[in-house]
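One structure is given here, and the rest of the page talks about it.
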Amino acid sequence: MQPAEKNPPLDKFNAPISPHSDLHCDISSPRDTSTDFRENKVAQEISSPTISNGHDVDQVSEDIDRFTNTLSALDDKSNPPEVPDSVETFSKIIESRIAKYNSGETPNRFKKMTEEDAFFIEAVLRISKLTNAFSEYPPTSTSTSDSLNRTSLVLQNAMAFLEEELRFLLEDSKISDSNPNHGKITKNSSFNSKLDKESSDRCVLQVESAESVGDDDFPGYSPETVTKMNRIVSVMISAGYEKECCQSYSISRRTIFNEQLKKLEYERLNMDDVWKMSWESLETEIKRWLNIVKNCSKTLFPAERQLGETVFADHPSIFISIFSNLARAVVIQLLDFAEAVSMSKRSAEKLFKFLDMYETLLDLIPAITHSCSDDFEHEIKYEIASAADRLGESAINIFLDLENSIKNDVAKNAVPGGAVHPLTRYVLNYLKYACEYKSTLEKIFEKPAKLEQSLPDSGSNAAPNSNVESESESPHNSDSQQGSTTRFSVQLVKVMDLLDANIEAKSMLYKDHSLRYIFLMNNGRYILQKVKGSTEIHQVMGDNWCRRRSTVVRQFHKNYQRETWVRLLHTLSHEGLQVNAKVNKPMLKERFKNFNTMFEEIHKLQTTWVVSDEQLRTELRVSVSAVVIPAYRSFLGRFRQYLDSSKQAEKYIKYQPEDIETLIEDLFDGNPTSMARRRT
């Protein structure tokens, strides 16, 4: 084997064999044989466990250990002992091992730790100790000075090789996704494959905590590879090459970490980019950011910590510094985006993404502070918490803007058919989704800092709706909320009050009082059903509020019946029909005629009205039938006989009770129905 070109000529490093040495190595001086011959012979010797002439590697290693101990034990450093030939032999063994690695003759390179690999690591450690021992002697000593230069050069070459080896192990020896033996972070791990994009805002990855992961499980590396990294790191640090070791590890891991972020479609955006985006584009970027941060919290940082704590098991304080620097670089980029988003223009639709970002940032803190230095832990906690607080403040201001949205929603035209107003749907759906973040909003609302001035007085702006008899006093008077009122719950109740007032004002746009009550009933019922259907809103508003709201809706129902059907029933009054015990037939005919006319007008009009809640629509029809059908049947049964001929009866008695009942079923469908068509 040819020696590595980077090695210098070995002539000046040859020293006479010490008469005190047990080593009689068959490696001659260049004056006797060529350098190529010597290098080839050494390469041949270390290919087997023994050196020629019966002196094996273990014997040479023992000689080096013994000589190193002798150098270290001498108190008089001015008179060093004679350097044995074993130093030169050992140096050549290491150089030949490096040359063999670089030549590609070793098929197991970067795989499991072999016996030769273990020897090489130990040999480098020995040469490091020997070099340190030589360095304790004055440079005026020729023998130790030359030997120091020789071993220093060998050590430097060995460290350069190990540094490259470490880089290769980190970057080029990762396990493929198809390998089932790469640890408990599954192939969905960001260390091994791209996340499923359909996971949207939620991170579907599951990774065990560092405490629960076994010693043989590592992110994307085999246990053998990690063991080899650990040995390399330990020997480099012990040899005084901590800076080179940490630099190689840090650069490689940052590169790999950034590759994982790119696979998650991470793209760094500046503030101007964020502020200029449409909401649709920004929402997409926020979803991507949420996915990335969740992966950092649940997978990337825990896996990074797991790997580093094993590789630097003998030097935990060094890894803490490495991890802190990596985490800082990543987190700062993530916080820059959060900062830009929090400063973007406020709009109602941003609330829920802001809250998602707030929660996700808080989840990031424990993921990175577990293995950080104390200074960094305090710093990064403060930075993340500050960014989260700014998002929280923006979220609160957006929520408070809902008040102005309600107040400023002044309509000039009534909703056709008395249907649920779009504002009611919007506000209740908005509150429903907001209450899914109830615990988060309560936490943010309780922040004492800048929010104090933003929060309005909870006692102001009482609802002017006279029909809603203070039903929004909850949660203060709620049986389930006594003593646990929060600022958020107070704000929620205030929004309900404002909505009630707004709907009451909009109801005045209906000139038909019956339709006005249908409108109030529709909106009141919708609000009640939404509150009951949301556990979070129901908890805030309370059972008392729901009972009062039900009472109010029933009152709207009664008012509607009074305005429409009680008036109709007046046409069936018996008053004035009998004079001197005789039926006034002209008046009777007029009564039937008036009933027919009024009922047809009601039917024509109220079939176009809308009651979208099926249960409410059924309740209305049943209640109308219960009032109208018995009264009409009774009137018809008593007075029909007084109409002289069947022709007159057909002219004035247009409907049978069954017809009336069928026609009532047409009401509130929102579709005009021809009565003639229904009767055929």
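From the list Ala387, Ala414, Ala395, which one is open to solvent by 20 Å² or more (accessible area, probe 1.4 Å) and either outside any loop (DSSP other than H, G, I, E, B) or among the aliphatic types (A, V, I, L, M) (or both)? Step through it out loud before you land on a result.
Working: Ala387 fails: open to solvent by 20 Å² or more (accessible area, probe 1.4 Å); Ala395 fails: open to solvent by 20 Å² or more (accessible area, probe 1.4 Å).
Testing whether each residue is open to solvent by 20 Å² or more (accessible area, probe 1.4 Å) and either outside any loop (DSSP other than H, G, I, E, B) or among the aliphatic types (A, V, I, L, M) (or both) leaves just Ala414.
Which residues, counting only those in region 273-304, are among the polar types (S, T, N, Q) and closer than 24 Å to Ser347 by Cβ? Write out each step before concluding.
The first filter runs over region 273-304 and keeps only residues among the polar types (S, T, N, Q), leaving 278, 281, 284, 291, 295, 297, 299.
Across region 273-304, the qualifying residues are Ser278, Ser281, Thr284, Asn291.
Give me the helices (runs of 4 or more DSSP H) completely within region 437-553, filtered to those with at least 1 residues that are at pLDDT below 50 and under 35 Å from the mean Cα position of the chain (by Cα), ordered by residue number. Even if it seems obvious, please write down each step before you answer.
Working: elements: 438-445, 451-454, 487-507, 513-533.
Qualifying helices (runs of 4 or more DSSP H): 451-454.
Within region 62-69, is there a residue that is at pLDDT 50 or above and among the β-branched types (Val, Ile, Thr)? Explain how you work it out, then say what you get.
Pass one, region 62-69, residues at pLDDT 50 or above: 62-69.
If we keep only those that are among the β-branched types (Val, Ile, Thr) as well, we get 64, 68.
Yes: region 62-69 contains one or more residues that are at pLDDT 50 or above and among the β-branched types (Val, Ile, Thr).
Output the residues belonging to region 239-265 that are within 21 Å of Phe301 (Cα to Cα) and open to solvent by 50 Å² or more (accessible area, probe 1.4 Å).
If the condition is that a residue be within 21 Å of Phe301 (Cα to Cα) and open to solvent by 50 Å² or more (accessible area, probe 1.4 Å), then Gln247, Ile251, Arg254, Thr255, Asn258, Glu259, Lys262, Lys263, Glu265 are the ones that fit.
Going by the structure shown, is Thr284 of a type in the set (Ser, Thr, Tyr), part of a helix (DSSP H, G or I), open to solvent by 60 Å² or more (accessible area, probe 1.4 Å) and on the phi < 0 side of the Ramachandran plot?
Numbers: of a type in the set (Ser, Thr, Tyr): yes; part of a helix (DSSP H, G or I): yes; open to solvent by 60 Å² or more (accessible area, probe 1.4 Å): yes; on the phi < 0 side of the Ramachandran plot: yes.
Here the answer is yes, as Thr284 does meet what is asked.
For the subset of region 100-112 comprising residues that are open to solvent by less than 50 Å² (accessible area, probe 1.4 Å) and in contact with a Lys or Arg (Cβ under 9 Å, 6 or more places away or on another chain), which member is modelled with the lowest pLDDT?
Looking only at region 100-112, we keep the residues that are open to solvent by less than 50 Å² (accessible area, probe 1.4 Å), and these are 100-101, 106, 110.
From what is left, the residues that are in contact with a Lys or Arg (Cβ under 9 Å, 6 or more places away or on another chain) are 101, 106, 110.
Details: Tyr101: 84, Thr106: 58, Phe110: 50.
Top of the filtered list is Phe110.
Of all residues being assigned to a helix (DSSP H, G or I) and of a type in the set (Ser, Thr, Tyr) in region 609-631, which is surrounded by the fewest Cβ atoms within 10 Å (Cβ to Cβ)? Just the residue, please. Walk me through it before giving the result.
Going through region 609-631, the residues assigned to a helix (DSSP H, G or I) turn out to be 614-631.
Next, from what is left, pick out any that are of a type in the set (Ser, Thr, Tyr): 618, 623, 625.
Working: Thr618: 13, Ser623: 16, Ser625: 16.
Top of the filtered list is Thr618.
Can you name every residue in region 233-272 that is under 30 Å from Lys350 (Cβ atoms), part of a helix (DSSP H, G or I), without any contact (Cβ under 8 Å) to a residue 24 or more places away in the chain and within 23 Å of the chain's Cα centre (by Cα)?
If we filter region 233-272 for residues that are under 30 Å from Lys350 (Cβ atoms), which is where we start, we get 257-258, 260-272.
Checking which are part of a helix (DSSP H, G or I) leaves us with 257-258, 260-263, 271-272.
If we keep only those that are without any contact (Cβ under 8 Å) to a residue 24 or more places away in the chain as well, we get 258, 262, 272.
If the condition is that a residue be under 30 Å from Lys350 (Cβ atoms), part of a helix (DSSP H, G or I), without any contact (Cβ under 8 Å) to a residue 24 or more places away in the chain and within 23 Å of the chain's Cα centre (by Cα), then Asn258, Lys262 are the ones that fit.
Looking at Leu528, is it touching a Cys at 6+ places or on another chain (Cβ under 7 Å) and crowded, with 18+ Cβ neighbours inside 10 Å? Don't jump to the end; show me each part of the working.
Values: touching a Cys at 6+ places or on another chain (Cβ under 7 Å): yes; crowded, with 18+ Cβ neighbours inside 10 Å: yes.
Against the criterion (touching a Cys at 6+ places or on another chain (Cβ under 7 Å) and crowded, with 18+ Cβ neighbours inside 10 Å), Leu528 qualifies.
When you go through (1) part of a helix (DSSP H, G or I); (2) loosely packed, with under 13 Cβ neighbours inside 10 Å; (3) of a type outside the set (A, V, I, L, M, F, W, C) one by one for Lys589, which number turns out not to apply?
Looking at each condition in turn, Lys589 falls short on (2).
Assuming Asn69 fulfils every condition listed in (1) within 18 Å of Gly240 (Cβ to Cβ); (2) in a helix (DSSP H, G or I); (3) open to solvent by 50 Å² or more (accessible area, probe 1.4 Å); (4) of a type outside the set (Gly, Ala, Ser) apart from one, which condition is it?
(1)
Under 6 Å between Cβ atoms, which residue pairs at least 6 apart in sequence (or on different chains) link something in region 56-81 that is among the small types (Gly, Ala, Ser) with a partner that is outside any loop (DSSP other than H, G, I, E, B)?
Ser72/Ala133
The values are calculated or read from the model by the stated rules, or taken from the named source; none is laboratory data. All values reported here derive from a predicted model rather than from experimental measurement. Here the Cβ is made from the backbone with ideal geometry for all residues, glycine too, and neighbour counts use every protein chain on show. Calculation scope for accessible area: heavy atoms of the full protein, side chains included, ligands and nucleic acids excluded. Shrake-Rupley method; radii C 1.70, N 1.55, O 1.52, S 1.80 Å.
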